[in-house]
Structure formats: C-alpha cells, structure tokens
1. For the chain, with the dipole built from +1 on Lys and Arg beta-carbon atoms and -1 on Asp and Glu ones, taken about the Cα centre, which of Phe125, Leu166, Val30 lies farthest toward the positive end?
2. So what does the Cα-only Debye profile of segment 1-53 read at q = 0.19 Å⁻¹, as log10 I(q)/I(0), no solvent term?
3. Could you run the Karplus curve 6.51 cos²θ - 1.76 cosθ + 1.60 with θ = phi - 60° over segment 64-78 and give me ³J(HN,Hα) per residue in whole Hz, x for Gly and Pro?
4. Give me the percent of accessible area attributable to carbon and sulfur for the chain, probe 1.4 angstrom.
5. For the chain, give the magnitude of the charge dipole about the Cα centre (Cβ charges: +1 Lys/Arg, -1 Asp/Glu; no others), in debye to the nearest 20.
6. Could you grab the Rg to Rh ratio for segment 25-97? Cα atoms only, Kirkwood for Rh.
7. Beta carbons within 10 angstrom, averaged per residue: use that to sort the peptides 90-101, 162-173, highest first.
8. Compute the long axis of helix 108-119 from its Cα atoms, compare it with the longest principal axis of the Cα atoms of the chain, and write down the angle in degrees, 0 to 90, nearest 10.
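The values are calculated or read from the model by the stated rules, or taken from the named source; none is laboratory data. The structure presented is a predicted model; accordingly, all values stated were derived computationally and were not measured. When we count neighbours, we look across all protein chains shown, and the Cβ atoms used for this are built from the backbone with ideal geometry, even at glycine. The protein model used for the area step is the full one, side chains on, heavy atoms only, and it has no ligands, DNA or RNA in it. Shrake-Rupley method; radii C 1.70, N 1.55, O 1.52, S 1.80 Å.
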Amino acid sequence: MIRIVIAEDQQILRGALGTLLNFEQDFNVVGQAENGEVALQLIRTLRPDVCILDIEMPKKSGLDVAEDLLNMGIETKVIILTTFARPGYFERAMKAKIHGYLLKDGSITDLANAIRNVMVGKREFAADLVMNSYHEENPLTAREREVLLKSAEGKTAKEIGAELFLSAGTVRNYMSEVLQKVEAKNKVEAIAICREKGWI
C-alpha cells in the first residue's frame with residue numbers, strides 16, 4: 001500500500017481528494033491537514049510514502065513544507081498541487097527537490113498515475129507549469145536588485161545610498177525604475193512581486 005498524507009486548506013477539496021484516492025486499491029490516505037504546519041507534523045509522525053501539498057496554505061505554504069522536509073532529511077516524496085503557474089514558485093519547488101508539480105484541474109486518474117510514477121522514481125511535472133516558468137526573464141539590473149533587497153530590509157533611501165555610495169536621489173530613481181518595470185504601485189508591492197517571481 002502507498003501511504004499518503006494530503007494537505008489542502010479547502011475542506012471540501014481535501015475531503016474529496018482523500019475519498020477518491022482511498023478508492024484506489026493500492027492507496028491508503030493516512031492523514032489530512034488543513035494547513036502547512038499540521039502537514040509537517042503529520043509527515044514527521046506518520047512518515048508516509050507520499051505527501052500531496054497545496055501550494056497556498058495558512059501558516060506554512062506547500063513550498064515551505066517541502067523545503068523543511070528536505071532540510072530534515074525526511075524521504076517522503078512530495079507532490080505539489082497548484083492553480084498558480086508562477087515562475088518563482090516552480091524555481092523554489094525545483095530547489096526543494098520535489099517529485100511532482102501538478103495543476104489542481106487535472107483528473108483524479110492523472111493524479112493517481114502520477115503518485116504511482118513518483119513511487120517508482122519518476123518525476124511528474126505539468127507541461128503548462130514547466131513552460132510558464134521560462135516565459136519571464138528578470139527585467140531588473142543587478143543594481144536595481146541590490147537597491148530593492150536593501151529596501152526589503154527596511155532601509156531608507158539615505159541609508160541605502162550610504163551603503164552603495166549613491167545619493168538618496170539616485171536610489172529613489174532606481175526604485176522608480178523598478179516600480180515601472182514590475183508594474184507595482186509601491187515598493188512593498190514591488191518586493192512581493194519580485195520575490196514571487198524569483199527575481200530577488
């Protein structure tokens with residue numbers, strides 16, 4: 001039997017996944033979690049063969065859990081389920097050495113087959129997600145990234161300028177360029193967008 005933990009914050013979807021996967025003769029859903037923190041506890045305790053993680057969850061995202069499992073050396077195979085075809089997410093997932101990255105709108109048959117393939121050492125990636133990850137190149141220059149990262153640390157234009165030997169006005173110009181390039185309203189939004197896309 002393939003022992004499975006499911007982590008999904010939407011109760012109806014979580015329950016449906018659990019029921020449908022349990023119908024498969026070679027599957028046993030041994031745990032279900034409503035957030036990433038509970039998922040991590042269940043995986044550490046139950047040591048399932050496979051965990052299916054929603055990418056967007058309260059307390060810890062699916063990617064946070066995957067990274068924690070890698071750091072802990074827990075060998076449970078990780079399949080991420082997502083509705084988000086975002087490059088930054090895919091890059092993080094690859095670094096966390098996940099085994100599957102699939103879209104939520106796939107069929108239960110596809111998911112079941114992916115679980116079986118992962119168990120014999122294959123990796124399963126939705127083609128749409130892989131293709132999308134290569135569409136957007138980082139539009140920021142090295143200096144713009146540097147300014148944005150220092151801004152993310154809470155530093156003012158004056159403090160950033162002092163560290164990078166620039167005037168505060170030049171720092172503000174760089175920030176203005178960043179906002180324009182990433183189509184953000186303010187620096188907080190710019191930082192969030194760039195982190196999500198893996199640009200900083």
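1. The one lying farthest along the dipole's positive direction is Leu166.
2. Log10 of I(q)/I(0), two decimals: -0.54.
3. Values per residue, Gly and Pro as x: 4, 5, 4, 5, 4, 5, 5, 5, 7, x, 7, 8, 4, 6, 10 Hz.
4. On the way: 5290 of 10650 Å².
Summing carbon and sulfur atoms, their accessible area is 50 percent of the total for the chain.
5. Details: 26 positive and 29 negative charges, 89 e Å.
Its charge dipole is roughly 420 debye.
6. Numbers: Rg = 11.8 Å, Rh = 12.4 Å.
Value, to two decimals: 0.95.
7. Numbers: 90-101: 20.0, 162-173: 14.3.
Most protected by this proxy first, the peptides run 90-101, 162-173.
8. 90
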